[in-house]
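The values are calculated or read from the model by the stated rules, or taken from the named source; none is laboratory data. Given the structure is predicted, the values throughout are model-derived calculations rather than measurements. For neighbour counting, all protein chains shown are included, and Cβ atoms are generated from backbone atoms with ideal geometry for every residue, glycine included. Each accessible area value is taken on the protein alone, full model and side chains, heavy atoms only, with ligands, DNA and RNA left out. Shrake-Rupley method; radii C 1.70, N 1.55, O 1.52, S 1.80 Å.
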Amino acid sequence: MHKLGILVTAILAAGAAHAQDGDNTRDMLVRGRVPQLCAIATPTLAASGLVNFRTLNGGSLEVDQLTDPTTLSTRGASVEVSFPAACNFAHQIVLESQNNGLWRSELGMTPAPAGFSDAVPYTATLIWGPVNSTFEADASSRQIRDQAQSVDRPVAGEILLRLRIQPGATNLQTNAPLVAGVYRDTLRLTVEPQ
(Lines give C-alpha, C1' and ligand atoms only; values in the text may rest on other atoms or scores of the structure.)
Protein backbone atom coordinates (compact mmCIF):
# COMPACT_ATOMS: atom_id res chain seq x y z
CA MET A 1 0.00 0.00 0.00
CA HIS A 2 2.75 2.34 0.83
CA LYS A 3 4.26 2.03 -2.66
CA LEU A 4 0.86 2.47 -4.30
CA GLY A 5 0.22 5.64 -2.26
CA ILE A 6 3.53 7.10 -3.31
CA LEU A 7 2.84 6.25 -6.95
CA VAL A 8 -0.64 7.84 -6.84
CA THR A 9 0.81 10.94 -5.11
CA ALA A 10 3.54 11.24 -7.77
CA ILE A 11 1.01 10.92 -10.60
CA LEU A 12 -1.29 13.53 -9.02
CA ALA A 13 1.62 15.94 -8.43
CA ALA A 14 2.77 15.58 -12.05
CA GLY A 15 -0.80 16.19 -13.26
CA ALA A 16 -1.14 19.28 -11.06
CA ALA A 17 2.13 20.72 -12.40
CA HIS A 18 0.94 20.11 -15.95
CA ALA A 19 -2.41 21.76 -15.19
CA GLN A 20 -0.65 24.87 -13.82
CA ASP A 21 1.45 25.19 -16.97
CA GLY A 22 -1.41 24.78 -19.43
CA ASP A 23 -4.84 25.21 -17.94
CA ASN A 24 -4.08 27.89 -15.33
CA THR A 25 -2.12 30.31 -17.56
CA ARG A 26 -3.86 32.89 -19.70
CA ASP A 27 -2.32 35.51 -21.98
CA MET A 28 -4.04 38.87 -22.11
CA LEU A 29 -3.37 41.36 -24.88
CA VAL A 30 -3.23 44.95 -23.65
CA ARG A 31 -3.26 47.64 -26.29
CA GLY A 32 -4.12 51.25 -26.88
CA ARG A 33 -4.31 53.47 -29.89
CA VAL A 34 -2.60 56.83 -30.34
CA PRO A 35 -4.44 59.03 -32.83
CA GLN A 36 -2.62 61.36 -35.20
CA LEU A 37 -2.37 64.60 -33.24
CA CYS A 38 -0.68 67.95 -33.49
CA ALA A 39 -0.65 70.57 -30.75
CA ILE A 40 0.55 74.17 -30.80
CA ALA A 41 0.85 76.04 -27.50
CA THR A 42 0.50 79.76 -26.83
CA PRO A 43 3.21 81.80 -28.58
CA THR A 44 5.95 83.66 -26.73
CA LEU A 45 8.40 86.31 -27.85
CA ALA A 46 11.98 85.20 -28.24
CA ALA A 47 14.34 86.93 -25.84
CA SER A 48 16.22 88.62 -28.67
CA GLY A 49 15.18 89.90 -32.05
CA LEU A 50 12.49 92.39 -30.96
CA VAL A 51 12.92 95.55 -33.06
CA ASN A 52 10.14 98.13 -33.28
CA PHE A 53 7.44 95.70 -32.07
CA ARG A 54 5.49 95.97 -28.85
CA THR A 55 5.05 92.95 -26.65
CA LEU A 56 2.90 90.02 -27.66
CA ASN A 57 -0.66 90.34 -26.34
CA GLY A 58 -2.42 86.99 -26.67
CA GLY A 59 -2.35 86.29 -30.39
CA SER A 60 -1.70 89.89 -31.39
CA LEU A 61 1.54 91.67 -32.30
CA GLU A 62 1.66 95.40 -32.86
CA VAL A 63 4.35 97.35 -34.65
CA ASP A 64 5.43 100.14 -32.33
CA GLN A 65 5.90 102.82 -35.03
CA LEU A 66 4.98 101.75 -38.53
CA THR A 67 6.15 105.01 -40.10
CA ASP A 68 9.41 106.87 -40.02
CA PRO A 69 8.65 110.40 -38.72
CA THR A 70 10.96 112.02 -41.30
CA THR A 71 9.94 110.24 -44.52
CA LEU A 72 6.42 109.05 -43.50
CA SER A 73 7.39 105.78 -45.17
CA THR A 74 7.73 102.39 -43.50
CA ARG A 75 10.01 102.06 -40.51
CA GLY A 76 11.84 98.71 -40.29
CA ALA A 77 10.70 96.16 -37.72
CA SER A 78 11.41 92.54 -36.79
CA VAL A 79 10.31 90.03 -34.19
CA GLU A 80 10.80 86.35 -33.35
CA VAL A 81 7.87 84.38 -31.99
CA SER A 82 8.13 80.78 -30.79
CA PHE A 83 5.35 78.23 -30.39
CA PRO A 84 6.00 75.06 -28.36
CA ALA A 85 4.54 72.31 -30.55
CA ALA A 86 4.40 68.60 -31.27
CA CYS A 87 3.02 66.55 -34.12
CA ASN A 88 3.18 62.75 -33.84
CA PHE A 89 2.96 61.89 -37.55
CA ALA A 90 4.19 63.10 -40.95
CA HIS A 91 2.32 66.35 -41.62
CA GLN A 92 2.43 69.72 -43.30
CA ILE A 93 2.80 73.18 -41.83
CA VAL A 94 0.92 76.02 -43.52
CA LEU A 95 1.51 79.73 -43.17
CA GLU A 96 -1.35 81.88 -44.47
CA SER A 97 -1.70 85.65 -44.79
CA GLN A 98 -5.29 86.89 -45.03
CA ASN A 99 -4.26 90.12 -46.81
CA ASN A 100 -0.87 89.35 -48.40
CA GLY A 101 0.72 92.16 -46.37
CA LEU A 102 -0.28 94.87 -43.92
CA TRP A 103 -3.12 96.80 -45.57
CA ARG A 104 -4.89 99.95 -44.46
CA SER A 105 -8.17 98.81 -42.95
CA GLU A 106 -10.36 101.91 -42.61
CA LEU A 107 -13.93 101.85 -43.89
CA GLY A 108 -14.34 103.05 -47.43
CA MET A 109 -10.84 101.91 -48.34
CA THR A 110 -10.47 104.39 -51.16
CA PRO A 111 -7.29 103.94 -53.16
CA ALA A 112 -4.23 105.75 -51.90
CA PRO A 113 -3.70 109.23 -53.40
CA ALA A 114 -0.98 109.58 -56.03
CA GLY A 115 2.48 109.25 -54.52
CA PHE A 116 1.20 107.53 -51.35
CA SER A 117 1.06 103.88 -50.41
CA ASP A 118 -1.58 101.95 -48.46
CA ALA A 119 0.08 98.57 -47.86
CA VAL A 120 3.31 97.25 -46.37
CA PRO A 121 4.97 93.99 -47.44
CA TYR A 122 6.77 91.71 -44.97
CA THR A 123 8.55 88.38 -44.84
CA ALA A 124 7.99 85.52 -42.40
CA THR A 125 10.72 82.92 -41.91
CA LEU A 126 9.40 79.63 -40.57
CA ILE A 127 11.65 77.08 -38.82
CA TRP A 128 10.14 73.75 -37.71
CA GLY A 129 12.00 70.43 -37.68
CA PRO A 130 13.50 70.02 -41.17
CA VAL A 131 11.61 73.08 -42.52
CA ASN A 132 13.40 76.39 -42.92
CA SER A 133 11.49 78.54 -45.40
CA THR A 134 10.69 82.17 -46.09
CA PHE A 135 7.16 83.32 -46.86
CA GLU A 136 6.68 86.63 -48.66
CA ALA A 137 3.55 88.68 -48.12
CA ASP A 138 4.45 91.10 -50.92
CA ALA A 139 1.39 93.41 -50.70
CA SER A 140 1.11 93.38 -54.50
CA SER A 141 -2.64 92.77 -54.20
CA ARG A 142 -5.00 92.32 -51.29
CA GLN A 143 -5.74 88.57 -51.25
CA ILE A 144 -5.19 85.40 -49.27
CA ARG A 145 -1.73 83.99 -49.77
CA ASP A 146 -0.39 80.78 -48.27
CA GLN A 147 2.56 78.44 -48.34
CA ALA A 148 2.56 74.78 -47.27
CA GLN A 149 5.66 72.78 -46.35
CA SER A 150 5.65 68.98 -46.06
CA VAL A 151 7.26 67.45 -42.98
CA ASP A 152 7.99 63.76 -43.55
CA ARG A 153 8.24 62.75 -39.88
CA PRO A 154 6.89 63.47 -36.39
CA VAL A 155 8.43 66.58 -34.79
CA ALA A 156 8.38 68.01 -31.27
CA GLY A 157 9.99 71.27 -30.17
CA GLU A 158 9.61 74.94 -31.05
CA ILE A 159 8.09 76.45 -34.17
CA LEU A 160 10.06 79.64 -34.73
CA LEU A 161 8.48 82.44 -36.77
CA ARG A 162 10.56 85.52 -37.66
CA LEU A 163 8.66 88.49 -39.06
CA ARG A 164 10.57 91.25 -40.84
CA ILE A 165 9.42 94.56 -42.32
CA GLN A 166 12.06 96.31 -44.40
CA PRO A 167 12.56 100.07 -43.97
CA GLY A 168 10.86 102.00 -46.79
CA ALA A 169 8.96 98.91 -48.05
CA THR A 170 5.53 99.70 -49.54
CA ASN A 171 3.21 98.21 -52.14
CA LEU A 172 3.88 100.99 -54.66
CA GLN A 173 7.51 102.07 -54.53
CA THR A 174 10.36 102.12 -52.06
CA ASN A 175 10.11 104.95 -49.52
CA ALA A 176 6.62 106.07 -50.60
CA PRO A 177 4.81 107.79 -47.70
CA LEU A 178 1.98 105.80 -46.09
CA VAL A 179 -1.62 107.04 -45.92
CA ALA A 180 -2.70 107.51 -42.28
CA GLY A 181 -4.71 104.66 -40.76
CA VAL A 182 -4.54 101.25 -39.14
CA TYR A 183 -2.67 98.64 -41.17
CA ARG A 184 -3.27 94.98 -40.45
CA ASP A 185 -3.05 91.40 -41.55
CA THR A 186 -3.94 88.06 -39.97
CA LEU A 187 -1.14 85.54 -40.23
CA ARG A 188 -2.35 81.98 -39.56
CA LEU A 189 -0.08 79.05 -38.70
CA THR A 190 -1.60 75.56 -39.14
CA VAL A 191 -0.14 72.09 -38.62
CA GLU A 192 -2.26 69.46 -40.38
CA PRO A 193 -2.24 66.11 -42.19
CA GLN A 194 -0.58 66.10 -45.62
Looking only at the range 151-161, which residues are open to solvent by less than 90 Å² (accessible area, probe 1.4 Å) and within 13 Å of the chain's Cα centre (by Cα)? Val151, Val155, Ala156, Gly157, Ile159, Leu160, Leu161
Which one is surrounded by the fewest Cβ atoms within 10 Å (Cβ to Cβ) among residues in the range 107-149 that are among the β-branched types (Val, Ile, Thr) and in contact (Cβ under 8 Å) with a residue 24 or more places away in the chain? Ile144
For the range 25-63: of the residues being open to solvent by 60 Å² or more (accessible area, probe 1.4 Å) and among the β-branched types (Val, Ile, Thr), which is modelled with the lowest pLDDT? Thr55
Return the residues of the range 64-99 that are surrounded by fewer than 21 Cβ atoms within 10 Å (Cβ to Cβ), in a strand (DSSP E or B) and more than 16 Å from the chain's Cα centre (by Cα); say none if nothing qualifies. Thr67, Ser78
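Let me confirm something: among Ala169, Ala180, Ala176, which residue is open to solvent by 60 Å² or more (accessible area, probe 1.4 Å), in contact with a strand residue (DSSP E or B) (Cβ under 9 Å, 6 or more places away or on another chain) and either within 23 Å of Asn52 (Cα to Cα) or not aliphatic (A, V, I, L, M) (or both)?
Ala180
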Of the residues that sit in the range 183-194 and are surrounded by fewer than 17 Cβ atoms within 10 Å (Cβ to Cβ) and either charged (D, E, K, R) or not in a loop (DSSP other than H, G, I, E, B) (or both), which one is modelled with the lowest pLDDT? Glu192
Tell me, yes or no, whether the range 126-148 has at least one residue that is within 21 Å of the chain's Cα centre (by Cα), over 12 Å from Leu187 (Cα atoms) and of a type in the set (Lys, Arg). no
